[in-house]
Amino acid sequence: MWVALVVFLRRRRNAGWVYLLVFTIFYVYLYAVLHYTLLQFQSLLVLKLFQPEIIIRGIEAAQSVNLVPLIGLTGAEVQTSLLNIVMLIPFGFGLPVLTDFRFARVVATGALFSLVIECLQFATGYLAGATFRVADINDLIFNTAGAAFGYVLFVALARLLRRAVGGRDISNPFLLHVLERPQLSA
């Protein structure tokens, strides 16, 4: 899939090597997030559909949803919530490097990405009757906050870089790409 996307971007969009490198890093990051949140354990549940004799012990599907936000957060859940923020910071940081998306679109895209993950966690658990992941509204909230924080971090660091560079000519193609982002316009 990555090869097809890179060929498409190179041929149809005439993307340069810097853009393709950033795209590849972002692609690997997205795969890592999906692996951690879905593929790592939830794929066992899909396997159970085809191999019913496999014994899998997880949470019952009926207990795998939390739709009440921020109530009853324990110490372990606060730690998980902080990890959810950290997990989507690169999303909010990387998306503006690849697109012209501004704050609202980056945050909305981060929320949609998180929502898809939570829905897939619920769907795989529901189909298998057990799950290893809880579809949690708190995950959606904190993932979205992470995407927002990542965007703010990108803009802040890029503006600092712009000030540090001043009016000097830059030969580094990656820095040029970052400094030319439309999100840095006032």
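The values are calculated or read from the model by the stated rules, or taken from the named source; none is laboratory data. Just so it is clear, the structure is predicted and the values come from calculations on it, not from any experiment. Heads up, the Cβs are rebuilt from the backbone with ideal geometry, glycines too, and the neighbour counts pull from every protein chain shown. All accessible areas refer to the heavy atoms of the entire protein, side chains included, with ligands and DNA or RNA removed. Shrake-Rupley method; radii C 1.70, N 1.55, O 1.52, S 1.80 Å.
Side notes on the structure shown:
- Spherically averaged projected area of the convex hull of Cα atoms, the chain: 13.2 nm².
- Structural size metrics of region 83-166, computed from C-alpha coordinates, are Rg and Dmax of 15.5, 59 Å.
- Estimated inter-spin distance, Asp169 and Leu34, nm [label 7 Å along Cα→Cβ]: 4.3
- Measuring r between the beta carbons of Leu179 and Glu53 and using R0 = 41 Å, the FRET efficiency lands at 0.10.
- The residues of region 123-186 expose, per residue, 53 Å² of accessible area to a 1.4 Å probe.
- For Asp136, the residues whose amide H sits under 5 Å from its own are Asn66, ignoring neighbours fewer than 5 places away on the same chain, with H placed 1.01 Å from N.
- Long hydrophobic helices in the chain: the complete DSSP H runs spanning 30 Å or more by Cα along their own axis with mean Kyte-Doolittle hydropathy of at least -1.0 are 75-98, 103-128, 137-165.
- Most to least accessible of Phe142, Phe174 (protein chains only, probe 1.4 Å): Phe174, Phe142
- The value of relative contact order for the chain, using C-alpha pairs under 8 Å at least six residues apart, is 29 percent.
- When the solvent-accessible area of the chain is split by element, carbon and sulfur atoms take up 69 percent of it, the probe being 1.4 Å.
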